Amino acid sequence: MTSTADPQAQPAAKRDRTHYLYIAVIAAVLLGIAVGFIWPDFAKDLKPVGTGFVNLIKMMISPIIFCTIVLGVGSVRKAAKVGKVGGLALAYFVAMSVVALAIGLVVGNILHPGSGMDITESEKGAGHTAADEADKGLVDFALGIIPKTLVSAFTEGEVLQTLLVALLVGFALQAMGRSGEPVLRGIEHIQKLVFRVLGMIMWAAPLGAFGAMAAVIGETGVDALKALATIMIGFYVTCALFIVIVLGTLVRLVTGVNLFKLLKYLGREFLLILSTSSSESALPRLIAKMEHLGVSRPVVGITVPTGYSFNLDGTMIYLTMSSLFIAEAMHQPLGVGEQISLLLFMMIASKGAAGVSGSGIAVLASGLQSHKPGLVDGVGLIIGVDRFMSEARALTNFAGNAVATLLIGTWTKEVDKERVDAVLAGRLPFDERTLVDDGHGAPSGAADGRDADAVPEQRDDGKEPMKV
């Protein structure tokens, strides 16, 4: 009994230490809001502070995705398993995008959020500028997945390019068999190093949260928030309903997991997204936490990065409600047929703009320009509060990807349900210092932490480099 208690005491101490970090993040957000309202001009100058922190996180995304996918794919004996996971994930992403669009349509037609709005001449030009900055089309998007060189995917920070390179390397190591195992072990050590660096960067989170929040409050101001309160509140409520009703019901029926326990487990990631307005800032931590939860590396490595480009539930709701808002504000209401055709077009276009900063507003503008040019002038109406809507988009997209990873893991029988229960119950805490769980994939007897340190050695026997 004493051997079980000692390992539990250490993680608890580490967790308490990082707990103060996230209390500091909350305090920084509140301070940033105060500074934004009291000294708006000064607050605007703090924008680079928030941007710098997000860029530090983005710097780590490519190496983390590469290591995770290579370790997962390279350790699977049959390539068909990887294809099954990817195909199932893409089918699920498309289905959920349609559901999100439908919910946005219903709420948008009930609220009529754009009624009574007026547009100025300066706002008209903003929509055309955003449309010009959007991606040119699906052909360019498809070609953009292929990196210029094997290493340029890392230097350019393109998630899908990194995903392609990692899959190729993983399949190559898989084909090498036992001779590829030393490479896998080396990449495993690199992954631990990368996550340790990420853990160090996270201590700058309060500073980044302060700069990001102060800047957006300083730029937006109270007047814009009041004027566009209807669409903002409606959008937030719709996203919340989607998460609780649609995602909550799905994850309960398929996995038996309580959604609120899962959201509580990912609470620090949600706080990070809320303070930086970037779901990418939490991508590396989502990978680490879903592995720790008990989902196998191949499923996490494929579902999470792909979901960040294709599973954009919050963006779908945003495009729907924003399109209806603009049409109402411009006194050019859309018929049901026009609404459906426009939004299906945007659903496809949004995949081409994945990963682009401010992609929501860019896809909205380019979709309207291609489908109904007369509405592009109205995009400028919501640019002022797009940053606040961006937070809801990012939170919803993140929740959707977390649920998707657990669902895909369950459907492919690549999840340790006993470990899921133990983690969500708090019996197996996440190591906030290393962000890497050496005990992932351990037998159920190791779920209490007793045999976690033995797992890396078990993978060195040449028979099963990693249990999935």
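Read the figures in this text as sums done on the coordinates, not as results from a lab. Just so it is clear, the model here is predicted, and its values are computed rather than measured. Here the Cβ positions follow ideal geometry from the backbone for every residue, glycine too, while neighbour counts run over all protein chains shown.
Just order 286-294, 100-108 by mean Cβ neighbour count inside 10 Å, highest at the front, would you?
Working: 286-294: 24.7, 100-108: 21.3.
Those peptides, ordered most packed to least, come out 286-294, 100-108.
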**Asked** Ordered by residue, what ³J(HN,Hα) values in Hz, to whole numbers, does the range 361-368 give under the Karplus form 6.51 cos²θ - 1.76 cosθ + 1.60, where θ = phi - 60° and Gly and Pro are x?
**Response** 5, 5, 5, 4, 5, 5, x, 5
**Prompt:** Karplus couplings for the range 402-418 from phi (6.51 cos²θ - 1.76 cosθ + 1.60, θ = phi - 60°), rounded to Hz, Gly and Pro as x?
**Reply:** 5, 5, 4, 4, 5, 5, 4, x, 5, 5, 9, 6, 10, 9, 8, 5, 5
**Asked** If packing is taken as the mean number of other Cβ atoms within 10 Å per residue, what is the order of 409-421, 192-204, 59-71, highest first?
**Response** 59-71, 409-421, 192-204
**Complete:** Out of Gly256, Val299, Ser277 - ranked by how far each Cα lies towards the positive end of the dipole of the range 253-306, with unit charges on the beta-carbon of charged residues - the top one is Gly256
**Request:** State which entries of Lys44/Lys192; Lys58/Lys264; Lys58/Lys148; Lys84/Lys264; Lys84/Lys289; Lys47/Lys264 exceed 27 angstrom in Cα-Cα distance in the structure shown.
**Result:** Lys44/Lys192; Lys84/Lys264; Lys47/Lys264
**Request:** Give the long-range amide H neighbours of Met330: residues separated by 5 or more places, or on another chain, with amide H under 5 Å away, using H modelled in the peptide plane at 1.01 Å from N.
**Result:** none
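Sort 327-338, 303-314 by packing, meaning the average of other beta carbons within 10 Å per residue, with the highest value first. Write down the numbers at each step before the final one.
On the way: 327-338: 15.7, 303-314: 26.2.
My ranking of the peptides, most packed first, is 303-314, 327-338.
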**Prompt:** Applying the Karplus parametrisation 6.51 cos²θ - 1.76 cosθ + 1.60 with θ = phi - 60° to the phi angles of the range 266-275, what ³J(HN,Hα) value in whole Hz is obtained for each residue in order, glycine and proline being reported as x?
**Reply:** 9, x, 5, 5, 4, 5, 5, 5, 4, 7
